[in-house]
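Please treat every number below as a calculation from the coordinates, not as lab data. Quick caveat: nothing in here was measured; it's all calculated off a predicted structure. All Cβ positions, even for glycine, are placed from backbone atoms using ideal geometry, and neighbour counts span all protein chains on display.
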Amino acid sequence: MIRELCLGVSIALLIFLTMMGQNVIPLLLLAGLGFMLYMLIDRKGLTGSANFAGYTQQVNFTFDDIGGQAPAKQELKEALDFVLHAGKIKEMGIRPLKGILLTGPPGTGKTLLAKAAASYTRSVFLATSGSEFIEVYAGVGAQRVRQLFKTAKERAQKEKKDGAIIFVDEIDVLGSKRGSNTGHLEYDQTLNQLLVEMDGLRHDDKVRILVVGATNREDMLDPALTRPGRFDRIVRVDLPDKAARKSILEIHCRNKPLADDVSLEDIARESFGFSGAHLESLANEAAILALREKSPVIHQSHLKEAVDKVMMGEKIDRRPNDEERYRIAVHETGHALISEFLRKGSVSHLTVTTRGRALGYVRSVPEDDLYLYTKEHLEEQIQICLAGAA
């Protein structure tokens, strides 16, 4: 509003001076120079960085809302208890934790764990991402780091809370090894400021700030950031096992109408290797398929097709000719026959329908989650693969 008012007054003044016969060219040059200077400052972020404080979120999310991940939740809760019981740990002479790093594959629930941590500790929750700190102009990222920590303390005091949690998603962008970005010192300056802020937290601070970082590239982080005293705990968030997958499916299906023939146990067995994000997408796609067929409830067939869609992609209208379909059918049947011969009941789905980049496919289901493969298992897998060529 003030900017528009000043602009209007300036234009009116220039018109008035022109009508009075005054030379306004010097004023126009000064105005243009001032505008260019303002735009330069604005692009550098010096006007906007003062307001940079991440995204404050009202957290009504608990660990009970996260399916599976029992080891990660247990380890994270144990670390957060140090924040909750500050008086007790002070009596024991325990140094407060300053940071927790969540690592693991994409879609496993690292962000959800951070939100649940804020609710568990009844703290202010500020969320941001590593890429928001990096600018082409030097000094802006470091200023934003300082502003983020300052705002966390101010908002915690305003809401009369003892602690604040700063969640930095994709922290590998912000905390990559110093010297790896040879053409840009802004990365190093921003990381140095983060190290100073995490090291500068005094034990007697009125507001305890806990930094929670999430990354799937732990190997890229600077050793100074991951050392004890900064990120004191590194919590591994892995892909869910079968029991965890069933728990996640139950959470995502609790608000969806399921038919009596639905067995989430079978779907959990067929979705080996799926992350929590994949399972959420699976439940959502099954509901979409039911809606597409105008079915009032979700059947087991919808969930099975959703597994194929999440794994292989959407069906494609591309239709091979009869000779090609015969060759595809023989090829896929060879895979299925040998798979059933070697592992009875292993074939879950066989089709010649084009989906994604596959003209047809056989989807096999292991009896249980496998993390180590024997020589016999690998030889059987080779036979199944070669059966299609035979």
Note to self: If amide hydrogens are placed 1.01 Å from N in the peptide plane, which non-local residues have theirs closer than 5 Å to the one on Val235?
What the structure shows: Leu101, Leu102, Thr103
Next item on the list: Compute the length gained on full extension between Cys385 and Asn216: take 0.36 nm times their separation in residues and subtract their Cα-Cα distance, giving the result in nm to one decimal.
Entry: 57.7 nm
Margin query: Can you say what percent of the DSSP beta bridges in the range 55-236, counting only those with both residues inside, are antiparallel? Round to 5.
Written below: 10 percent
Checklist line | Computed FRET value (nearest 0.05) for Ser131 with Phe341, which takes r as the C-beta separation and R₀ as 45 Å | finding: 0.30
Margin query: Once R0 is set to 35 Å, what does the formula 1/(1 + (r/R0)^6) return for the Cβ-Cβ distance between Ile15 and Met36, expressed as a FRET efficiency to the nearest 0.05?
Written below: 0.95
Next item on the list: State the extension gain, in nm to one decimal, for the chain segment bounded by Lys77 and Lys294, taking 0.36 nm per residue of separation less the distance between their alpha-carbons.
Entry: 73.7 nm
Next item on the list: Would you mind getting me the FRET efficiency between Arg146 and Ala277? Use the beta-carbon distance for r and R0 = 25 Å, nearest 0.05.
Entry: 0.15
Check: Which aspartates and glutamates does Lys160 reach when only Cα atoms under 18 Å apart count, and residues fewer than 8 places away in its own chain are ignored?
Finding: Asp204, Asp205
Check: Say the cut-off is 28 Å between C-alpha atoms; which of Lys158/Lys256; Lys309/Lys344; Lys110/Lys150; Lys161/Lys242; Lys115/Lys304; Lys110/Lys294 go over it?
Finding: Lys158/Lys256; Lys161/Lys242; Lys115/Lys304; Lys110/Lys294
